[in-house]
1. What Kirkwood Rh does chain A have if only Cα atoms enter the pairwise 1/r average? Answer in Å.
2. For the range B:188-193, in order, what is each residue's ³J(HN,Hα) by Karplus, 6.51 cos²θ - 1.76 cosθ + 1.60 with θ = phi - 60°, in whole Hz (x at glycine and Pro)?
3. List the trypsin sites (Lys or Arg not before Pro) within the range B:41-84 that DSSP assigns to loop and that have no more than 10 neighbouring Cβ atoms inside 10 Å.
4. Compute the separation of the alpha-carbon centres of the range A:293-340 and the range B:267-315 and state it in Å as a whole number.
5. Fully extended, how many nm does the chain gain between B:Thr357 and B:Lys272 (0.36 nm per residue separation, minus their Cα-Cα distance)?
6. Compute the distance from the alpha-carbon center of the range A:206-254 to that of the range A:1-54, in whole Å.
7. Please identify every one of the GluC sites (Glu not before Pro) in the range B:175-250 that sits in a loop by DSSP and has no more than 13 other beta carbons within 10 Å of its own beta carbon.
8. Where the eigenvalues come from the Cα gyration tensor of the range B:59-174, what are the semi-axes √(5λ) of the equivalent ellipsoid, largest first, in whole Å?
There are 2 protein chains.
Amino acid sequence: VLAVSGHSIGLLERFAAELFAAAGLDNDKAATVAHFLVLTDAMGRPTHGLAMAPLYLAEIEKGRASAGADAGMATTGEVHVIKDSGITAVWDARYLPGHWVMRQAIATAMQRAQQHGLAAIAIRRCHHIGCLAALVKVAADAGCIALIANSEPAGQRVAPFGGTQALFTPNPIALGYPGEPNAVLVDVSTSITTTSMTRQKHAAGEAFEHAWLNDAQGRPTREPAVLEHSQPRGSLQLLGGAEYGHKGFGLSLMVEALSQGLSGHGRLDAPKRWGGNVYLQVMAPRHFAGDEAFAAQTGFLADACRSNPPVVVSKPVRMPGDHAAQNLAAAERDGLQLAPSTQNALTQWAITLNVRTPWK
Amino acid sequence: VLAVSGHSIGLLERFAAELFAAAGLDNDKAATVAHFLVLTDAMGRPTHGLAMAPLYLAEIEKGRASAGADAGMATTGEVHVIKDSGITAVWDARYLPGHWVMRQAIATAMQRAQQHGLAAIAIRRCHHIGCLAALVKVAADAGCIALIANSEPAGQRVAPFGGTQALFTPNPIALGYPGEPNAVLVDVSTSITTTSMTRQKHAAGEAFEHAWLNDAQGRPTREPAVLEHSQPRGSLQLLGGAEYGHKGFGLSLMVEALSQGLSGHGRLDAPKRWGGNVYLQVMAPRHFAGDEAFAAQTGFLADACRSNPPVVVSKPVRMPGDHAAQNLAAAERDGLQLAPSTQNALTQWAITLNVRTPWK
């Protein structure tokens, strides 16, 4: 019998699902959101794991209380298909929970990609979709390539290159593809750092090690307070910062064009609800040069990366996704430790919603 | 009558086409390569304009002299279609001139995207495709979105993050989409700087302003010589450098997976010929939320960028593609000035090939 130093993944999933259901989310939606949040913690990305659950619970309560412009998360019903050609589609997700919408979108796109080689879905008005790496992993583990570009048209935290006024969100791009011993999971924001990292630094009273933000005059700063606690507000620096931030600007525009331009909803509509727009694309390598050729080329490259002589002898090169796979294996074996702040917040919600916690 | 301060675009195109044809390239291929190189100069990107012509001419001579492993550019014939599902395709470009292959690939993918919404072509063994912005412009000017990811499996100039040995190439990603008053043309390498910029710095005896390379031990350096003139060789830094180069690493892996994994040819095959692998994807917005919705969302965003209060009052925010459009208009009006080194090299080739130069 192995020593369990944390909470079992299964117990955490059931607990989180009970919380979401008790707050008013449909059961299948509650279970799916819980699954992805715990998976995200298990992959070692706690900013987008169960730490999000209290925020989602507050959104569910808002969603049940109001149907107005700031109505929070939608708790029931289906996505509306705006358009569908079989290869391309546009969905209106009506602010339904993002993980649940994305699981459905990925399954749909995977089925179509297996048939046609390629399929894309542009999604408007999705609620927060969380950790992109956890989502593309679903397709990659099933032998497909998944690309996600995600923006939040209600948020303004990144200025265009050479500008001072926040306009974009961190606009991540993710690509997952199958690999050995684990899938390759690329997941990068097109700003240097992210909203959640900045909030975490601010809450801890810490400055960033490097000047990854700009103040309201566009001057580089390490101070997280400029993002949400100063007037006038500053912004997160684009990938490339002051030196070559035109590159992050270009990539960020790419995410906006794919997720808002193709879905036909975005900043022009000045939405106020917390949510995300998504461009999802799934590709099946067998419709290109074949699964074996894809595995041979990408496997050769992964080997060449992992065996590359490292800068620091004790730090071998890791492929994106390697660390997540190791964390996940450890969490499945030993359970998960939650941050005290997360565990406390969940305990409060459990009391409010009359749900039993998996801890004393 | 406007004063013409440079060579007319039409004359330069005809001259370059004559050079390529005299060297042995099929006439239509010669004309297409000449068109794109001059367009690239006119867009203000001289490193990938006619400065490439002497290198291509040497490759054409190699191609006519040998059919071996380092046989240069193929001068005649067609691409081989390896696989084609109508939505996805794999082409073997047999080292035919990259601009000519790409013009054909873009036309094919555009036609299919107009019909199905989305089409992709993975291309192996293409010769150099030059400036990606000039290529995606073709689709963007026709109302489509074009994405290109490009790698060179015969080149090793960028190390994986945390590694010391060069493995990748600068691996650019480009996205073009329609816009007013000009198309938006994103074109970014996933390394901070590029091979051609580094060669230019080295030739001029200059160091970079910032440490954008690593020496063979992985230590940041401003010295361009480490890339090709030191033993053991250094490498170009990934986008994000020492601080957050894991992001450039992820994006570079994305380019390798799409351009080599999907085309089924790449570093595993250890090619020695100068060439590129390409992933091309074209999307038609009308099959998503529609051309008007796409123009409304992306147009709103472009306006918000261009009118963003600038960091430096005299430097308003520019959209990617704005500068190229201004340069192109100026070149069409006033003609083009070539760098003396480019003009001299072309003059030498003109003498060798018995072609008349457009200058005295």
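The values are calculated or read from the model by the stated rules, or taken from the named source; none is laboratory data. Since the model is a prediction, treat every value here as computed from it, not as a measurement. Heads up, the Cβs are rebuilt from the backbone with ideal geometry, glycines too, and the neighbour counts pull from every protein chain shown. Accessible surface areas use protein heavy atoms only, side chains included; no ligands, DNA or RNA. Shrake-Rupley method; radii C 1.70, N 1.55, O 1.52, S 1.80 Å.
1. Kirkwood hydrodynamic radius for chain A: 21.3 Å.
2. 10, 7, 8, 9, 5, 10
3. none
4. If you average the Cα positions of each part, the centres end up 31 Å apart.
5. Stretched fully, the B:Thr357-B:Lys272 segment lengthens by 27.3 nm.
6. 32
7. For GluC sites (Glu not before Pro) across the range B:175-250 that sit outside H, G, I, E and B with at most 13 neighbouring Cβ atoms in 10 Å, the list reads B:Glu206, B:Glu209.
8. Each semi-axis is √(5λ); the values are 25, 20, 13 Å.
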